[in-house]
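Structure first, then comments.
Read-outs throughout are calculated quantities, based only on the coordinates presented, and are distinct from any laboratory measurement. For clarity, every value in this text was computed on a predicted model and none was experimentally measured. Every residue, glycine among them, receives a Cβ derived from its backbone with ideal geometry; neighbour counts consider all protein chains shown.
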Amino acid sequence: MARKFIIANWKMNGTHATALAFARDFTVTNKKVRAVVAAPYTMLAALSVADREFELAAQNVSEYEDGAYTGEISATMLKDVGVRYGIVGHSERRAYFDETDKRVHDKIVRLQAKKITPVVCVGETADQRRKGETNRVLTSQVQAALRGITRPVIIAYEPVWAISTFQKGKQPQAAQPADIARAHAHIKRVAGTVLGVAATRVPVLYGGSVTPDNADLILNLDDVDGALVGGASLKASSLMQIIHKVY
Ligand code: PGA
């Protein structure tokens, strides 16, 4: 069986010093897991030369190749500091930074041109879920992102309502295993058709309030190929506990 991906998404947290301390403290003893850290841009270069037991991801990438785009970071620059994976279409970026389906698609193309594997986030909002539109939204996001794409991608199912960011003031709640299993099967089917591969060949990770307490129930589901972990990934000890829950 393929190893499960555990991808830490640090979001806009930490400093150079906390990133290096994490690299020092974090070890992976579970051979069934590939550990990846999506660190803020400013920490990637230092982490690339640090001793570490995880691969590097970026949290974003420019949709443009290079040139006069002040403030942007290109796929070439990410490749240059050893980045292997790139998150695109995260719901915070879709909600706060106008990351449209078209931008998500263009970013996938940029990453793949540099042999960086895109981690494409999709997920329905609470409102869409209430209206019974989950499958329709997932289908449309997956198709828009992947149309014309032929190289491998990783997809992250992140129901917006289950991400800790969007549950302010409440104890964060992950989606239920049955909902996760259903959505993952759907995403695999749709993505497999667009990419022209078997549904089982499309890795789909779950993201949204994964913690050491619920990791066991979520990560050992058949169609769950790993997790994208936000809040619970900031401490090395907490991410290591999650990794130990993969059997
Ligand atoms: P969370 O974030 O684990 O804090 O809910 C997950 C994500 O946004 O990728």
* Looking only at residues in segment 111-159 that are of a type in the set (D, E, K, R) and in contact (Cβ under 8 Å) with a residue 40 or more places away in the chain, which one is nearest to ALA181 (Cα to Cα)? -> GLU158
* Where ARG24 falls short, out of the listed (1) assigned to a strand (DSSP E or B); (2) without any contact (Cβ under 8 Å) to a residue 40 or more places away in the chain -> (1)
* Is it true that some residue in segment 53-61 is more than 14 Å from the ligand (Cβ to nearest atom), small (Gly, Ala, Ser) and surrounded by 15 or more Cβ atoms within 10 Å (Cβ to Cβ)? -> no
* Asked: Of (1) touching a residue at least 40 places away in the same chain (Cβ under 8 Å); (2) β-branched (Val, Ile, Thr); (3) farther than 23 Å from ALA95 by Cβ, VAL204 satisfies all except one. Which?
  -> (3)
* Asked: Which number in (1) farther than 25 Å from ASP216 by Cβ; (2) without any contact (Cβ under 8 Å) to a residue 40 or more places away in the chain marks the one condition that TYR64 misses?
  -> (2)
* Would you mind telling me which numbered condition in (1) within 16 Å of the ligand (Cβ to nearest atom); (2) surrounded by 13 or more Cβ atoms within 10 Å (Cβ to Cβ) ALA145 fails? => (1)
* Mind checking which residues of segment 87-135 are of a type in the set (A, V, I, L, M), buried (at least 20 other Cβ atoms within 10 Å of the Cβ) and within 16 Å of the ligand (Cβ to nearest atom)? -> ILE87, VAL88, VAL104, VAL119, VAL120, VAL122
* Structure fact -> ARG151 passes all but one of the listed conditions (1) within 16 Å of the ligand (Cβ to nearest atom); (2) of a type outside the set (Gly, Ala, Ser); (3) closer than 17 Å to HIS105 by Cβ; the exception is number (1)
* Selection from segment 160-192 of residues that are over 18 Å from GLU133 (Cα atoms), without any contact (Cβ under 8 Å) to a residue 12 or more places away in the chain and in contact with a helix residue (DSSP H, G or I) (Cβ under 8 Å, 6 or more places away or on another chain) -> GLY192
* Name every residue in segment 160-190 that is in a loop (DSSP other than H, G, I, E, B) and either within 10 Å of the ligand (Cβ to nearest atom) or surrounded by fewer than 20 Cβ atoms within 10 Å (Cβ to Cβ) (or both), in order of residue number. => ILE163, GLN167, LYS168, GLY169, LYS170, GLN171, PRO172, GLN173, ALA174, GLN176
